[in-house]
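Written out below as structure tokens is the structure these notes cover.
The values are calculated or read from the model by the stated rules, or taken from the named source; none is laboratory data. What you are looking at is a predicted structure, and each value in this text was computed from that prediction instead of being measured. A quick note on method: Cβ atoms are made from the backbone with ideal geometry, for glycine too, and the neighbour counts reach across all protein chains shown. Please note that ligands, DNA and RNA were not included when accessible areas were found on the heavy atoms of the full protein model with its side chains. Shrake-Rupley method; radii C 1.70, N 1.55, O 1.52, S 1.80 Å.
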Amino acid sequence: MSHEDETPKEPDTPEAAEHRLRRELPEEVPATAAETANEDAAKGAVPGLTGRQRLVQGLWPPRVSRAQLIVALLLFGLGFGLAVQVASNSDSGNALRGARQEDLVRILDELDNRTQRLADEKQGLEDQRSELENSSNQAEEARKQTVEKEKQLGILAGTVAAQGPGITMTIDDPKGTVQADMLLDAVQELRAAGAEAIQVNGVRVVANTYLTDSGKSVSVDGNKISRPYRFKVIGKSQDLEPALNIPGGVVQTIEKEQATVTVERSTKIIVDALRAAKRPDYARSSSQ
């Protein structure tokens, strides 16, 4: 082993390291003028121009694309329209400010009338829509009302059966002293008290009902009925019973003939005697 290998090496200082690197790197060669001109030409710059001149050269003349030109035209049109609108509103405001009081009142009246006409038209259209929407419901409701009205008229005419609260009046006449006029007074008194349906011994009493004497008995519309006489009456029992028992009324008159009268209230009276519907000979409906 040599003496140089055994000698320890001193650590490199920063100055020594830099000096050693400079010895190892090749020397710098300055660029020629031709190379500098080629680089400027590649970058699009003109030789000999300053930085400000190059900035101006890059901005002018402007390079505008087709899309940018279209956007510019649209913005110009929008601005022009806004300017015209503002000018028009300004002119209108100036015209109203310079108008007379009578003209302003007339303009307000015209606006109010126009508003009212539009409101009326709107309401009319809404009503028509509602009618169209409810036409089917109205037709069904009209049909139901017609059926109900037919039933009510049938009860009054005696063509349909009826039931409801009312009274049952029984006249027991063992001697046969009760006459037809007494029973007719009872019918009239019951009608005046609000009777809606009356049946006497299986015969329905209607508007044209008549009573006649038949020996010691009575006939209703030509149908002879036997004793005892039983009235089934539909109506408000609180009104029907007092009407029969008034002083000098039906009950007292019949009891003077040595007959007995019994009145019973009930929550359900059934009047099921029917009359055939008869077409009037002379009377006709006056509705067209």
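A few comments on the model shown:
- So Lys232, is it closer than 23 Å to Ala157 by Cα, at pLDDT 90 or above, open to solvent by 80 Å² or more (accessible area, probe 1.4 Å) and among the basic types (Lys, Arg): no
- Qualifying positions in the range 126-139 - open to solvent by less than 100 Å² (accessible area, probe 1.4 Å) and modelled with pLDDT of 75 or more: Glu126, Asp127, Ser130
- Enumeration of residues in the range 107-164 that are assigned to a helix (DSSP H, G or I) and in contact (Cβ under 8 Å) with a residue 12 or more places away in the chain: Ile155, Leu156, Ala157
- If you go through the range 56-85 and keep only what is open to solvent by 100 Å² or more (accessible area, probe 1.4 Å) and modelled with pLDDT of 70 or more, you end up with Arg66, Gln68, Leu73, Leu74, Leu75, Phe76, Leu78, Phe80, Leu82, Gln85.
- In this entry, Asp239 is excluded by the filter for residues that are of a type in the set (Asp, Glu) and within 20 Å of Val160 (Cβ to Cβ).
- Of Val263, Val251, all but one fail to be of a type in the set (A, V, I, L, M), more than 15 Å from Ile155 (Cα to Cα) and buried (at least 20 other Cβ atoms within 10 Å of the Cβ); the exception is Val251.
- Count - residues of the range 193-220 that are in contact with a helix residue (DSSP H, G or I) (Cβ under 7 Å, 6 or more places away or on another chain) and open to solvent by 50 Å² or more (accessible area, probe 1.4 Å): 3
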